[in-house]
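Here the structure is laid out as C-alpha cells; the discussion comes afterwards.
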Amino acid sequence: MVRRYLGVGAALVVLILVLSLTQDNFLRYSNIMNILRTNAVLFVVAVGLTFVIVSQGLDLSVGSMVALGGVFLASMLEAGVPAWPAILLTIMACTFLGALINGGLIAYGGLNFFVVTLGMLQLLRGAALVLSNGVTKSTIAHEPVQWLGDGFVAGFPMPVVIAILVGIVGYVVMRWTRFGRSVYAVGGNEVAARLSGVNVKAVRFSVYAIAALTAGIAAVMLTGRLTSSQPVSGALGLELSAAAAVLLGGASFAGGSGTIAGTAIGVLFLGILANGITLAGVPSYWQGIATGVVLVAAIALDRFRSR
C-alpha cells in the first residue's frame, strides 16, 4: 500500500526543494502555516471522499454540499439561532442529506453513483441559490464561527487542528475498525465481500454519509474563514481538487486501495503547488489549470497502476 504513494511523495519532496531554493519566503513559518490553513478545508473534504473512492464510488456533490451548508449556517445565524446549535444543525443537515439521497439512491436504489452525485451537484448548488436568493450572507458578528474558520488555539490555526483531528479519526476508522476493513473489501471485490458476510448496501450507504459529514464540517470552516456564505463561488471545484488529492495519494477508481495518509500527501502536494505558483507571481487563475493537469495525470497514473 505504501508503494502506491511513494511517487507523489517523491514529487512532493522535489517540489519542496525547488521552491526552497527559488523562493525566499517559502520556508518561512508564516507561509507554512498559510499553506496548512488554506488547505484544511480541502483535506477535511478529501478524508470523506477517500472512504467513497476506496469503496469504488465517487461523490461529485461534496463541493455543492459545502456551499449549501455555508448558506444554511448563515441563514440560521441571521434568523437568531445561537452559533453553536447552528453549527451542529448544519453538520447534521448535510449528513442527513448526503445519507438520504446519495447513500439511499446508490446503496438501496441501485442507481449509478455518477448520475446520482452529478444530479446532486446541481440540485444542492441550486438550493443554495434559492435559500440565499443569490446574496452573500455575512457571519462576521458570530465569533464561534469565525474562530472555527480562522481562529487559533495555543498559537496554532484552528482549521488545521480540526483537519488533523478529522484525519486521525478517519485513519483510525479505516485502519483499525471492522467497518474500515469492510470498505476495502467492498471496493476490492463486492461479490466476495457479500459472500463473506459484509453488508454491502450498509457500507455504501455509510461512506456517502461520511462524505456528507465531512462536507458539513468543511462548510462551517469555510464560512468562518470567509466570514460569509457564498452560494455562487463558495467551494466551487472543491470536489475535483479533493478527488485529485485522493487519487494522488494512491487511491484508485477501481476501489480497494487508498489511505488517509496518502490523501494528506496529495493535499499537501496540491497546496504547495498552488502556493509556489502564487509566490512566483503567476496569476491565480493558472492554479485551476495546474489542478486540472494534476487531476488528469492522477487519473492516467491510476489507469497505469491498474494495468
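The values are calculated or read from the model by the stated rules, or taken from the named source; none is laboratory data. Everything numeric in this text was worked out from a predicted model, so none of it was measured. Note that each Cβ is placed from the backbone with ideal geometry, even for glycine, and that neighbours are counted across all protein chains shown. We work out accessible area using only protein heavy atoms, side chains counted, and drop any ligands, DNA or RNA first. Shrake-Rupley method; radii C 1.70, N 1.55, O 1.52, S 1.80 Å.
Can you tell me how many residues within region 180-210 are closer than 15 Å to Gly256 by Cα and open to solvent by 60 Å² or more (accessible area, probe 1.4 Å)?
If we filter region 180-210 for residues that are closer than 15 Å to Gly256 by Cα, which is where we start, we get 180-194, 198, 200, 203-204, 207.
Cutting the leftovers down to open to solvent by 60 Å² or more (accessible area, probe 1.4 Å) gives us 181, 189-191, 194.
Within region 180-210, residues that are closer than 15 Å to Gly256 by Cα and open to solvent by 60 Å² or more (accessible area, probe 1.4 Å) number 5.
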Region 237-249 residues that are open to solvent by 20 Å² or more (accessible area, probe 1.4 Å), paired with ones that are among the polar types (S, T, N, Q) (beta carbon under 6 Å, 6 or more apart): Ser241/Thr291
Tally, over region 250-294, of residues that are part of a loop (DSSP other than H, G, I, E, B) and touching a residue at least 24 places away in the same chain (Cβ under 8 Å): 11
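Quick test for you: out of Val66, Val13, pick the one residue that is at pLDDT 85 or above and either surrounded by 13 or more Cβ atoms within 10 Å (Cβ to Cβ) or in contact with a helix residue (DSSP H, G or I) (Cβ under 7 Å, 6 or more places away or on another chain) (or both). Reasoning before the result, please.
Values: Val13 fails: either surrounded by 13 or more Cβ atoms within 10 Å (Cβ to Cβ) or in contact with a helix residue (DSSP H, G or I) (Cβ under 7 Å, 6 or more places away or on another chain) (or both).
Only one candidate qualifies: Val66.
Given the residues Leu222, Leu213, which is the only one that is open to solvent by less than 60 Å² (accessible area, probe 1.4 Å) and either closer than 28 Å to Ile101 by Cβ or in a strand (DSSP E or B) (or both)?
Numbers: Leu213 fails: open to solvent by less than 60 Å² (accessible area, probe 1.4 Å).
Every option except Leu222 fails the conditions.
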The one condition in (1) touching a helix residue (DSSP H, G or I) at 6+ places or on another chain (Cβ under 9 Å); (2) in a helix (DSSP H, G or I); (3) surrounded by fewer than 24 Cβ atoms within 10 Å (Cβ to Cβ); (4) not aromatic (Phe, Trp, Tyr) that Leu58 fails to fulfil: (2)
Any hit, region 158-169, residues being touching a Ser or Thr at 6+ places or on another chain (Cβ under 6 Å) and under 20 Å from Gly57 (Cβ atoms): no
Conditions (1) open to solvent by less than 30 Å² (accessible area, probe 1.4 Å); (2) over 30 Å from Ser20 (Cα atoms); (3) touching a Phe, Trp or Tyr at 6+ places or on another chain (Cβ under 9 Å): number failed by Ser252: (3)
Hits in region 82-118 (condition: touching a residue at least 24 places away in the same chain (Cβ under 8 Å) and under 13 Å from Leu58 (Cα atoms)): Gly98, Asn102, Gly103, Ile106, Ala107, Phe113, Phe114, Thr117, Leu118
Condition broken by Tyr171, with the remaining ones in (1) closer than 19 Å to Ala215 by Cβ; (2) open to solvent by less than 80 Å² (accessible area, probe 1.4 Å) satisfied: (2)
